[in-house]
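The values are calculated or read from the model by the stated rules, or taken from the named source; none is laboratory data. Nothing here was measured: the structure is a model prediction, and the numbers come from that model. In this analysis, Cβ positions are derived from the backbone assuming ideal geometry, glycine residues included, and neighbour counts consider all displayed protein chains.
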Amino acid sequence: MNRRNFIRNAAVTVPMMAFLPNFELFANPVKGKVKITDVQCVLTRIGMRISPLVKISTDAGLFGIGECHHDSNGYGAKDVVLNVCKPIIMGKDPLDLDYLVFKMSTRTSYFGGNHGIATHAITGVEMALWDLIGKITEQPVHKIFGGGSHVSEVRAYASARPRNMLDMDSCKEF
């Protein structure tokens with residue numbers, strides 16, 4: 001390193017050192033301050049579709065909502081949420097998302113690896129955790145993901161089909 005580079009780097013580094021004692025405040029002021037106190041899962045019916053909804057509550061009075069992908073009656077995902085995922089995330093910091101998803105994934109690996117009912121359940125829990133993280137940080141989730149700097153709306157997409165394509169009564173809804 002020559003003298004010119006040293007002086008240029010020092011000009012940037014020295015003022016930043018004043019912020020080091022308060023770095024934790026800039027990094028994440030709420031980390032470790034919020035704990036998960038309850039996990040609920042209810043089955044909802046919209047038309048013919050049954051969707052398990054996950055609600056994760058915290059000691060700060062905040063909650064997050066997520067929707068599980070569903071099997072035919074929704075009970076499989078609901079059971080995994082309440083009996084497997086809930087014990088893993090209770091009392092934990094919702095901001096430790098990667099750790100919590102990793103623990104749920106490894107704990108449910110015998111349910112089918114990265115597909116099936118376990119993944120359906122974890123998806124709903126993770127969605128509720130993202131919703132909760134957005135509320136804790138007072139940011140919309142799309143900003144947390146790194147988008148939304150130039151758009152305020154997102155085009156929606158949905159697809160559906162009758163449960164039984166060969167049943168005329170089922171097809172009449174569409």
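Could you tell me whether LYS103 is of a type in the set (D, E, K, R), touching a helix residue (DSSP H, G or I) at 6+ places or on another chain (Cβ under 7 Å) and assigned to a loop (DSSP other than H, G, I, E, B)?
no
Taking the residues in the range 120-174 that are acidic (Asp, Glu), in a loop (DSSP other than H, G, I, E, B) and closer than 28 Å to SER72 by Cα as candidates, determine which candidate is modelled with the lowest pLDDT.
GLU173
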